[in-house]
């Protein structure tokens, strides 16, 4: 480790403190995930007794059997997929052209439009007006309402706009000289160059859609349209009510804790699967070599 | 006729005018270089021709058609950018083919055109590489390939060599010249480097402060600069400018020394008139103390460049540079006290306006 001599004692200390902090952060993020997974595979009795800490106690898959046997679970799972895929596509379809337009110097009233978008990040209409608005538009209890109602998020628009602004203007000019129209400049030049930023925005959309709970609960009454998170909420409240009144249908092999944990584990799996595919787009230096600064 | 015509072209940003009524006729197949210092409006003028900047006034005609309101893609011009502007997500072949694909050219035609252009530019072995994996010179070639593959009416070059090192710049300069000879496409080239301008141009347009100072062939501008700006801008080192006062019809005085000038009608009977004398560093003969009728200078430094040397001196408290051969003159160079010059090689400018006096034409 001769190279270590290049670093002063202060540098080494800095690295060590960083590693400790990052380690603590990783553990604090990872632990709930490990705990919930262990809980899902533990017996109901042990879970109720609070004996699960790190690994499953009284290993069983009864909780999963219970969850997977419920047809409502599959309905809500399908709904979550619809909201996530449809919502993300819809969001990108609005956010990408919107952010591109806002990034253009030649956009008439550019400052005003940008301010208008930023404004929505600070202030919004509030719960009741938004609900009434959705009701008046006939968007309650509808897939389309959830998909279109939350399609555009000011933060994502500004995030992508800033990235588009950082792309050297000469790419646009070269494409225009090559015969591209505005749409082709966006589609064939800016979008491929902005993959990391678009992947980030897409991931934000996917995660927020997948975990979307509050508005779905407010806007959806129809059991056939609720997403997984609302189903989870229903399950938790139903099971805990049953237990409180001493009329639990649950035996010792699963409990309301293990069933909730099993639903959470099932809901995490798709995000875990998708993330590695999106992560490859978080490449650095995609603009490297295109222009000489 | 793929000529380009600029008539009274004006560019203004709000109240600020940066190009003031430029008139220029570029003939078909001609290679015209716009040259001038930073901020003189040369790039803005080029970008107006390209369609990347709106024209605030005047008329731009390409191939006989007024183009003021025509989109860049419909002007049939191609541009090579200073920073290459290669699409980093596409490989060399895709970069070159981009414009053809946009125009929906049939695939087999694209392939053959890309191959042909890659052959011309020596890029055949690099077609699969991304721009990041290329050297500066190769990137610049790809940028040129992207321009020539479309076979446009006009090529526009915006300081294409300024990001290359000196050796590569010289090499690419020659390649551009060869390419122009081979393709014969009307070309307009912007640079601040007067060596590029002198070597590449059929005609040079010297710009300053949003205006054209002079248009002419490289040698014409070198020998017959219209004013002190052009005189001081072209040439390396540039022309020496010396302030003097007329003391006879063809005799001027400065700092207690006299110098004989060419016979010019404008100078007859103009004793007392202030003039500026333009003396090219290459046109003087260095002299030691033994030479009569020499103009004395204070030698400060001699830079020997091999076959030639630059004598840095001062005259009337201003820098004065002489470029001279070294072979057979090394002893003389150690004892330089002044110089002599054929009066016909001195260019005389009006001291107030900086404009060359009429009647001075050096044949090439």
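Overview of results
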{"item": "Residue within the range A:101-121 that is closer than 26 Å to residue A:228 by Cβ, out of contact with any strand residue (DSSP E or B) (no Cβ under 6 Å at 6 or more places or on another chain) and touching a residue at least 40 places away in the same chain (Cβ under 8 Å) present", "result": "no"}
{"item": "Any hit, the range A:163-172, residues being out of contact with any strand residue (DSSP E or B) (no Cβ under 7 Å at 6 or more places or on another chain), touching a residue at least 24 places away in the same chain (Cβ under 8 Å), away from chain B (no Cβ under 14 Å) and surrounded by fewer than 17 Cβ atoms within 10 Å (Cβ to Cβ)", "result": "yes"}
{"item": "Scan of the range B:97-110 for residues that are more than 7 Å from every other protein chain (Cβ to nearest Cβ) and free of Cβ contacts under 8 Å to residues at least 40 places away in the same chain, ordered by number", "result": "B:101, B:104, B:105, B:106, B:107, B:108, B:109, B:110"}
{"item": "Flag for residue B:48 being within 14 Å of chain A (Cβ to nearest Cβ) and part of a strand (DSSP E or B)", "result": "no"}
{"item": "Any hit, the range A:101-122, residues being within 14 Å of chain B (Cβ to nearest Cβ), closer than 30 Å to residue B:140 by Cα and in a helix (DSSP H, G or I)", "result": "no"}
{"item": "Checklist (1) closer than 26 Å to residue A:193 by Cα; (2) crowded, with 18+ Cβ neighbours inside 10 Å applied to residue A:63, failing item", "result": "(1)"}
{"item": "Residue count for the range B:116-135, restricted to those that are without any contact (Cβ under 8 Å) to a residue 40 or more places away in the chain and surrounded by fewer than 16 Cβ atoms within 10 Å (Cβ to Cβ)", "result": "8"}
{"item": "Filtered residues of the range A:187-208 (kept if surrounded by fewer than 21 Cβ atoms within 10 Å (Cβ to Cβ), more than 10 Å from every other protein chain (Cβ to nearest Cβ) and either free of Cβ contacts under 8 Å to residues at least 60 places away in the same chain or touching a strand residue (DSSP E or B) at 6+ places or on another chain (Cβ under 7 Å) (or both))", "result": "A:187, A:204, A:208"}
{"item": "Unmet requirement for residue A:184, which otherwise passes all of (1) crowded, with 20+ Cβ neighbours inside 10 Å; (2) assigned to a helix (DSSP H, G or I); (3) within 14 Å of chain B (Cβ to nearest Cβ)", "result": "(1)"}
{"item": "Single match in B:259, B:247, B:215 (criterion: under 30 Å from residue B:155 (Cβ atoms) and either part of a strand (DSSP E or B) or touching a helix residue (DSSP H, G or I) at 6+ places or on another chain (Cβ under 8 Å) (or both))", "result": "B:215"}
{"item": "Strands (runs of 3 or more DSSP E) fully within the range B:272-364 counting 2 or more residues that are surrounded by 19 or more Cβ atoms within 10 Å (Cβ to Cβ) and either touching a residue at least 40 places away in the same chain (Cβ under 8 Å) or on the phi < 0 side of the Ramachandran plot (or both)", "result": "B:274-279, B:284-287, B:308-315, B:318-325, B:338-341, B:347-350"}
{"item": "Filter result for the condition that a residue is in a helix (DSSP H, G or I) and either within 11 Å of chain A (Cβ to nearest Cβ) or buried (at least 22 other Cβ atoms within 10 Å of the Cβ) (or both), over B:94, B:54", "result": "B:94"}
{"item": "Hits in the range B:57-86 - residues which are within 14 Å of chain A (Cβ to nearest Cβ) and assigned to a loop (DSSP other than H, G, I, E, B)", "result": "B:67, B:70, B:71, B:75, B:76, B:81, B:82, B:83, B:84, B:85, B:86"}
{"item": "Enumeration of residues in the range B:120-131 that are under 26 Å from residue B:167 (Cα atoms) and modelled with pLDDT of 90 or more", "result": "B:123, B:124, B:125, B:126, B:127, B:129, B:130, B:131"}
{"item": "Residues located in the range B:154-186, provided they are surrounded by 19 or more Cβ atoms within 10 Å (Cβ to Cβ) and within 14 Å of another protein chain (Cβ to nearest Cβ)", "result": "B:154, B:155, B:156, B:157, B:158, B:159, B:160, B:161, B:164, B:169, B:172"}
{"item": "Residue, nearest to the other protein chains (Cβ to nearest Cβ), within the range B:34-45, restricted to residues that are in a loop (DSSP other than H, G, I, E, B) and buried (at least 18 other Cβ atoms within 10 Å of the Cβ)", "result": "B:41"}
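The values are calculated or read from the model by the stated rules, or taken from the named source; none is laboratory data. Worth saying up front: this structure is predicted, and the values here are computed from it rather than measured. All Cβ positions, even for glycine, are placed from backbone atoms using ideal geometry, and neighbour counts span all protein chains on display.
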